[in-house]
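Since the structure comes first, as structure tokens, the remarks are kept for the end.
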């Protein structure tokens, strides 16, 4: 499985949340949990970020990983002054339930 992580990777301290990292080389925000990688793929243009696809491995489903990723990428877009195009169905559905991010949407 390509998104499974080798055990030689540093492991988070128990009780702490693993970090979400912007992997610029692959145009995606990544979160590694229990040796599995969840991510949100994106495309950036001047002042805009388009969220294309979200992947949460089956082993991580039901743990709030997708929501954590969504909140992080939207908070980061806000902090960077970017407008958002939610092409990804998961991000679009998440946004429909979280109107505090409506100001980020390209209209």
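We did not get these values from a lab; they are worked out from the coordinates using the rules stated. Predicted model, so just to flag it, every value in this text is computed and none were measured. Don't worry about glycine lacking a Cβ; one is built from the backbone with ideal geometry, like all the others, and counts go over all protein chains shown.
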Quiz prompt | Residues 48, 54, 16, sorted so that the one with the fewest Cβ neighbours within 10 Å comes first | solution = 16, 48, 54
Practice problem: Calculate how steeply helix 65-79 sits against the longest principal axis of the alpha-carbon atoms of the chain, using the helix alpha-carbon long axis, and give the answer as 0 to 90 degrees to the nearest 10. | Solution: 50 degrees
Quiz item: Percent relative contact order of the chain, based on C-alpha pairs within less than 8 angstrom and at least six residues apart?
Solution: 20 percent
Quiz item: How compact and how long is the range 66-107, expressed as Rg and Dmax of its alpha-carbon atoms in Å?
Solution: 9.2, 25
Quiz item: What label, among (1) 38, 28, 22; (2) 44, 28, 24; (3) 69, 27, 22, belongs to Cα extents along the principal axes in Å computed from the structure on display?
Solution: (2)
